[in-house]
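Encoded as C-alpha cells, the structure appears first; notes follow it.
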Amino acid sequence: MLKVILSYLPYALITTFTPGPNNIMSLYSISRAGWRKGGRVILGIASGFSTLMILVILFCNEIAKYPELVEMLKYVGAVYIIWLAYHIAVSKPSETEGRSMNFVNGYLLSITNVKVILYLITIYTAYIIPQGAGLYDMILHGIFIIAVSAVSWCMWGAMGGLLQRFLARYYRPFNAAMGVILLWCAWEILS
C-alpha cells in the first residue's frame, strides 16, 4: 500500500494544495467569518469531498466508462462556481457572514467540483485499481486522500484567518480577486 501511496503522492499534493474552488472557499470563508462560522463551510467541503470519495470507490469502473457523466458534472460545477464567484465579488462583509458561510454551500461546491471528481477518478483508475486494490485497500486510500485534503483546506483557512483584519479593511479588492480566481477555475473546468 505504501508503494501505491508514494506513486500518487506528488500528484495528490500538487492537486490538493494548489488554488481551486475548495481551497479558495476555505480561505474566503475563514477570512470573512472566522473559524466558528467559516468552519461550517469547510465541514461542508469535507462532506462533499467524502461523498464523492465514496461514489468513486463504489463506482469507479462504471464512472470511468461514462465520460458523459463527467461532462455533465463539469457544466453543473462550472455554473455553480460562476454563481459563487459573482456572489463573492459583489458581497459586503455583513452580507457574506449570513448567507454563504454555511455547510450547504461548502457541500455543493465540493460535490460539483470537477477538479475533485477528475482528481479522484485519476488516482483510483491510474494508480490504485491497476495495483489490484480491493475494496478494503480502496477505502484505506480514500481515508488517506481525505486526510491530505483536510490539511489543505485547513491550511488555506488558516491563511484566511491570519489575514482576517487586513481583508476586512480591503474586502472589495479581495472579493473581486477571489471572484476572478473562481471564474478562472470555472474557465479551466470548461476548457
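The values are calculated or read from the model by the stated rules, or taken from the named source; none is laboratory data. Not measured: the values here are computed from a predicted model. Because the Cβ atoms are built from the backbone with ideal geometry, glycine has one as well, and the counts that use them run over all protein chains shown. To get the accessible areas, we keep the full protein, side chains included, count just its heavy atoms, and leave off ligands, DNA and RNA. Shrake-Rupley method; radii C 1.70, N 1.55, O 1.52, S 1.80 Å.
Numerical summary
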| quantity | calculated |
| --- | --- |
| Every residue from region 88-105 that is of a type in the set (D, E, K, R) and either buried (at least 20 other Cβ atoms within 10 Å of the Cβ) or at pLDDT 60 or above (or both) | 92 |
| Where residue 177 falls short, out of the listed (1) aliphatic (A, V, I, L, M); (2) under 21 Å from the mean Cα position of the chain (by Cα); (3) at pLDDT below 80; (4) under 19 Å from residue 85 (Cβ atoms) | (3) |
| Scan of region 160-170 for residues that are modelled with pLDDT of 80 or more and surrounded by 15 or more Cβ atoms within 10 Å (Cβ to Cβ), ordered by number | 160, 161 |
| Residue list for region 1-21, restricted to those being open to solvent by 10 Å² or more (accessible area, probe 1.4 Å), closer than 18 Å to residue 119 by Cβ and assigned to a helix (DSSP H, G or I) | 4, 5, 6, 7, 9, 10, 11, 13, 14, 15, 16, 17 |
| In region 126-157, the residues that are of a type outside the set (A, V, I, L, M) and open to solvent by 50 Å² or more (accessible area, probe 1.4 Å) | 127, 130, 131, 132, 136, 137, 144, 154 |
